[in-house]
Amino acid sequence: MARAQFSAETSGSGEFVRQPNRFTGRVTPDSDSPPGGGPDAHGRWPLEAGRYRLVWCRACPWAHRARILLGLLGLDDAISLATVDPIRDERGWRFTLDPGGRDPALGISYLSEAYLATDPGYTGRVTVPALVDTLTGRVVSNDYPQLTLDLSTQWRSLHRPGAPDLYPVGLRDELDALMAEIHRDVNNGVYRCGFAISQAAYDEAFTALFARLDALSDRLADQRYLMGDAITEADVRLFTTLVRFDAAYHGHFKCNRHKLTELPVLWAYARDLFQTPGFGDTVDFDHIKRHYYGTHPAINPTGIVPLGPDTSGWAAPHGRG
Ligand SMILES: N[C@@H](CCC(=O)N[C@@H](CS)C(=O)NCC(=O)O)C(=O)O
């Protein structure tokens, strides 16, 4: 069988099986710890403005979710941002975009330093997003789905006035089910296409991906957002994959039944979100293309980054709403 990009996360049948998230601490107003303290007996860190730092990569869809939520909820002042270089070297994510190649708040050059300071025995992939405690340098969480739900629910006292409710109580069962389908077939589905090393695994992921996109397209044909007339977390999660689709997944991951621009409902929906404050202003197509095409040598051995596609269409009127 072909060489896997991530052999520890590839099954015997050639399927990509994503590693679990190692750090699952949560920041919550219910923590029993005092300000400045560590996690309590239940792993709950105290909620404090200015204490925690979100490490993200502009290219990464999982990290991009959290970045969008900081803006939508008005948490930019409460949680600071560290942005890594889109290209990892052999030691992983680097703070080469910062003066001296060091994150000014954490004082480290590689994100792996924070992972190893938290768990010296850590051997998995060092991933973004990571929420890091600036007082101790320890990783609180790399559990990206819980992280964004907590930004909506646990950080509420620090939201801006009028912040949207992205995870409304009455919709949670339906939202959770919808987000699980989107995760399996779309968010992670594109990776299951791209990292498959058997034809059967690729075929299965490809078929599920486009079947789900067709179903989502039907759902969005007569409503502006996935849950109706208001943006929810499900829209954020779908957007971060759609915005990378033509620039990365269509070519690099062989998700090529159609381009996003050839799926009229989804393309208009994605443009609508892109043009909403907090979405398009956080997108960096250059970082996206350099990251995907430049860091998966098993898939793109030359590392050549394509010059296309033309992204000017993202600014075109969307005709929705
Ligand atoms: N934490 C999740 C998802 C986050 C994730 O995969 N982030 C990517 C960037 S999109 C990453 O940090 N990859 C580092 C690597 O592949 O070494 C995981 O472990 O799979």
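The values are calculated or read from the model by the stated rules, or taken from the named source; none is laboratory data. Just so it is clear, the model here is predicted, and its values are computed rather than measured. All Cβ positions, even for glycine, are placed from backbone atoms using ideal geometry, and neighbour counts span all protein chains on display.
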Legend entry - Near pairs, Cβ below 6 angstrom, 6+ apart or cross-chain, from segment 61-81 (within 16 Å of the ligand (Cβ to nearest atom)) to any residue that is assigned to a loop (DSSP other than H, G, I, E, B) and of a type outside the set (Val, Ile, Thr): ALA63/CYS57; ALA63/PRO129; ALA66/PRO129; ILE68/GLY278
Inset, instruction - Of the conditions (1) away from the ligand (no atom under 11 Å from the Cβ); (2) surrounded by fewer than 21 Cβ atoms within 10 Å (Cβ to Cβ); (3) touching a residue at least 24 places away in the same chain (Cβ under 8 Å), GLY92 clears all except one; give me its number. - result: (1)
Inset, instruction - Name every residue in segment 1-29 that is free of Cβ contacts under 8 Å to residues at least 24 places away in the same chain and either over 29 Å from ALA201 (Cα atoms) or touching a helix residue (DSSP H, G or I) at 6+ places or on another chain (Cβ under 7 Å) (or both), in order of residue number. - result: VAL17
Inset, instruction - For residues that are loosely packed, with under 14 Cβ neighbours inside 10 Å and closer than 20 Å to CYS57 by Cα, scanning just segment 292-303, find the one that is farthest from the ligand (Cβ to nearest atom). - result: GLY303
Legend entry - Set ARG212, ARG160: member being of a type in the set (Lys, Arg) and in a helix (DSSP H, G or I): ARG212
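Please verify whether THR24 is of a type in the set (Val, Ile, Thr) and within 16 Å of the ligand (Cβ to nearest atom), treating the condition exactly as stated. So that I can check it myself, show each step before the final result.
Numbers: of a type in the set (Val, Ile, Thr): yes; within 16 Å of the ligand (Cβ to nearest atom): yes.
Against the criterion (of a type in the set (Val, Ile, Thr) and within 16 Å of the ligand (Cβ to nearest atom)), THR24 qualifies.
Identify, please: which residue in segment 72-95 is in a strand (DSSP E or B) and among the charged types (D, E, K, R) and is, among those, farthest from THR295 (Cα to Cα)? Walk me through it before giving the result.
Restricting attention to segment 72-95, the residues satisfying the condition of being in a strand (DSSP E or B) are 80-83, 89, 92, 94.
Checking the rest, the ones that are also among the charged types (D, E, K, R) come to 89, 94.
Working: ASP89: 9, ARG94: 13 Å.
Among those residues, the one meeting the criterion is ARG94.
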Inset, instruction - Identify the residue in segment 258-291 that is among the charged types (D, E, K, R) and more than 13 Å from PHE245 (Cβ to Cβ) and, among all such residues, is surrounded by the most Cβ atoms within 10 Å (Cβ to Cβ). - result: ASP272
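Would you point out which residue out of GLY37, GLY100 is assigned to a helix (DSSP H, G or I) and more than 16 Å from the ligand (Cβ to nearest atom)? Explain how you work it out, then say what you get.
Details: GLY37 fails: assigned to a helix (DSSP H, G or I).
Result: GLY100 is the single residue among GLY37, GLY100 that is assigned to a helix (DSSP H, G or I) and more than 16 Å from the ligand (Cβ to nearest atom).
Taking segment 278-321 only, how many residues are assigned to a loop (DSSP other than H, G, I, E, B), within 27 Å of ASP89 (Cα to Cα) and not charged (D, E, K, R)? Break it down into steps so the answer makes sense when it comes.
Looking only at segment 278-321, we keep the residues that are assigned to a loop (DSSP other than H, G, I, E, B), and these are 278-279, 283-284, 296-311, 316-321.
Retained after the next criterion (residues that are within 27 Å of ASP89 (Cα to Cα)): 283-284, 296-309.
Going one step further and asking which of them are not charged (D, E, K, R), we end up with 283, 296-309.
Final tally of qualifying residues: 15.
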Inset, instruction - Using the structure shown, decide if GLY92 is under 22 Å from the mean Cα position of the chain (by Cα), on the phi < 0 side of the Ramachandran plot and among the small types (Gly, Ala, Ser). - result: no
Inset, instruction - Go through (1) assigned by TED's automatic domain parsing to the domain that holds ASN187; (2) within 16 Å of the ligand (Cβ to nearest atom) and name the single condition LEU260 misses. - result: (2)
Legend entry - Hits in segment 225-242 - residues which are touching a helix residue (DSSP H, G or I) at 6+ places or on another chain (Cβ under 7 Å) and either basic (Lys, Arg) or without any contact (Cβ under 8 Å) to a residue 60 or more places away in the chain (or both): TYR225, LEU226, MET227, ALA234, ASP235, ARG237, LEU238, LEU242
Inset, instruction - Can you tell me which residue within segment 110-135, out of those that are more than 16 Å from the ligand (Cβ to nearest atom) and not in a helix (DSSP H, G or I), is nearest to the chain's Cα centre (by Cα)? - result: ASP133
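Restricting to segment 252-277, what's the tally of residues that are assigned to a loop (DSSP other than H, G, I, E, B) and under 16 Å from VAL190 (Cβ atoms)?
Initial filter on segment 252-277 (assigned to a loop (DSSP other than H, G, I, E, B)): 253-259, 263, 275-277.
Retained after the next criterion (residues that are under 16 Å from VAL190 (Cβ atoms)): 253-259, 263.
Qualifying residue count for the region: 8.
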Inset, instruction - Kindly indicate whether any position in segment 43-51 is loosely packed, with under 15 Cβ neighbours inside 10 Å, under 23 Å from the mean Cα position of the chain (by Cα) and part of a helix (DSSP H, G or I). - result: no
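Which residues, counting only those in segment 136-155, are polar (S, T, N, Q) and touching a strand residue (DSSP E or B) at 6+ places or on another chain (Cβ under 7 Å)?
SER141, ASN142, GLN146, GLN154
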